[in-house]
Amino acid sequence: MTEYRTESDMLGEVKIPATAYWGVHTARAVENFPISGTAMSHHADLVRALAAVKQAAARANSDVGALDSSVAAAIDSACQEVRDGELHDQFVVDVVQGGAGTSSNINANEVIANRALELLGHNRGEYHVVDPLDHVNHGQSTNDVYPTALQLATISALQRLDAAIGRLRASLAEKSTEFRDLVKVGRTQLQDAVPMTVGQEFGAWDAALGEEQSRIADMYGLLDRINLGGTAIGTGLNAAPGYTRAVRAHLSTITGRELTTAADLIAATSDAGVFVQASATLKRAAVKISKLCNDLRLLSSGPQSGVAELQLPARQAGSSIMPAKVNPVIPEVVNQVAFSVMGGDVTISAAAEAGQLQLNAFEPIIAHTLLTNIDWMSQALGTLTDNCISGIRVNSGHLAELTERSVAIITALTPQIGHATASRIAQQALQHGRNVRELVREEGVLDDEQLEALTQPDRLTGQGPPA
């Protein structure tokens, strides 16, 4: 039979499973918010970040004499266990909740308090020794704890995304080198334009994603500016003198980051702009990565009646009815993740805008959406790198055939033969299925030596000196 302990709050008594580290306030939240079915434990970065904030607070409160040193030490140890991955299953409140994140904050307070009690040799629920609110939450409010923790969690998530982009870029760069001598026809508006190499195409994708890594790097400085110490609305009510400076210093040590306290804590407490910016940064990367996947699907279309320049790795059967059909499933799933990121950006923007007066009450949906989307994008880039990009091959024979019969090289001859002549020759080539080089020779507008010089692959693709 399940054993219980009884805990009470201003609304009355609640039976809590004796084995639970959470308490009465968490129990109320679990009952009130059966929304997403996703517990806070799903976002391990957020759980660890909350524990880091509580750990820093315990040390700071001990420093300024606001908390007994033995109690502070027990809280510190309990927080370290959570940061090390212990007790995450006890963070049971739904990630989507009312109350601006209060339920998440109190869930953390209760888990840490009950574990600290055990470390001091007491039973769970003996809050006269270590209380979730009077001790673990001393000098704090959800309104400075939760956004600070979310900023730290976002940093951790973005670091993984940055690493995933780096791996993808390395694979693209490798393909750029591998395919650097394969000439193809570049296209604008899906129409033949001018020659380039397959290597240049892959190199351009690599360079475009390099910009996204730079934008992520820009975000860290914004996320390192915290409102911890502002308590309820940024005035610092109930925080001991010296606490704000001390908690920032301890949190910097714990996280290994140069954190700064916001210049105006009232503004920082009500302003969710940093999360809007983080989401916008993620959306920008998602848009570029989705465009890359669009290109891959188009360039690999076929294999017989499409563009068919690239051959993506075959990952699984593509149809339950069409034998031997293989689909570009990896780019397709990455596209879908990007769509979710774009939609999530709308959610985050709406939630940030909906904040009123001295607080934004909607940071839980911001947290869930932002952390989920960053995690999904990181995972998507991993499968794109490992299961697609690294195994791409070029259908070189088909590519050479397309390039040879294309009129794209006529642009390279235009400065020498004039636009009108070039246009006329191109039209003849298209109408009669002729080769541009043959028509140029027949008309005698260039001799063989000039034609050869002007149509060298390195010149056509901008990789050699002008003829």
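Rule-based calculations on the coordinates, nothing more; no lab input. The shown structure was predicted, so the numbers you read here are calculated from the model rather than taken from an experiment. Neighbour counts run over all protein chains shown; Cβ positions are idealised from the backbone, glycine included.
Summary table below
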item: The stretch 106-130-the stretch 59-88 distance, computed between alpha-carbon centres (Å); result: 11 Å
item: Placed amide H near THR197: partners under 5 Å, 5+ positions off or other chain; result: LYS184
item: Calculated P(r) of the stretch 407-460 - Cα pairs past 16 Å, %; result: 31 percent
item: Calculated from backbone phi, Karplus (6.51, -1.76, 1.60) coupling profile of the stretch 210-221 in Hz, x at Gly/Pro; result: x, 4, 5, 5, 5, 5, 5, 4, 5, 5, 4, x
item: HN-Hα J in Hz across the stretch 333-348 - Karplus 6.51, -1.76, 1.60, θ = phi - 60°, x for Gly and Pro; result: 6, 5, 3, 5, 4, 4, 4, 5, 4, 4, x, x, 5, 5, 4, 5
item: Cα-based helix-to-principal-axis angle, 69-83 vs the chain, degrees rounded to 10; result: 30 degrees
item: Euclidean distance between Cα centres, the stretch 167-211 to the stretch 317-396, Å; result: 23 Å
item: Whole-Hz ³J(HN,Hα) from phi, Karplus 6.51 cos²θ - 1.76 cosθ + 1.60, for the stretch 275-282, glycine and proline x; result: 6, 4, 5, 4, 5, 5, 5, 5
item: Set of lysines with alpha-carbon distance to LYS15 below 29 Å, sequence-local pairs under 8 removed; result: LYS54
item: Inter-probe distance in nm under a simple model that places probes 7 Å from Cα toward Cβ, at THR253 and ARG28; result: 3.5 nm
item: Cα-centre dipole for the stretch 67-168 with unit charges at Cβ (Lys and Arg positive, Asp and Glu negative), debye to 20; result: 400 debye
item: Between 0 and 90°, nearest 10: helix 102-119 axis offset from the chain longest Cα axis; result: 60 degrees
item: Cut-off under 5 Å, modelled amide H: who pairs with ARG5 long-range; result: ILE16, ALA18
item: Proximal lysines to LYS175, defined as alpha-carbon separation beneath 28 angstrom and excluding residues fewer than eight positions away on the same chain; result: LYS184, LYS283, LYS288, LYS291, LYS325
item: Size-normalised alpha-carbon gyration radius of the stretch 213-357, reference 2.2 N^0.38 Å; result: 1.60
item: Degrees separating the helix 44-63 axis from the principal Cα axis of the chain, which is the longest one; result: 40 degrees
item: For the chain, calculated [θ]222 nm from helices alone, where every DSSP H run of n ≥ 4 adds -39500 (n - 2.57); result: -19500 deg cm²/dmol
item: Top positive-direction residue, dipole computed over the chain with Cβ charges, set GLY121, THR403, ALA240; result: THR403
item: Whole-percent pair-distance distribution, where bins are 10 Å wide, for the alpha carbons of the chain; result: 4, 17, 21, 17, 13, 10, 8, 5, 3, 1, 0
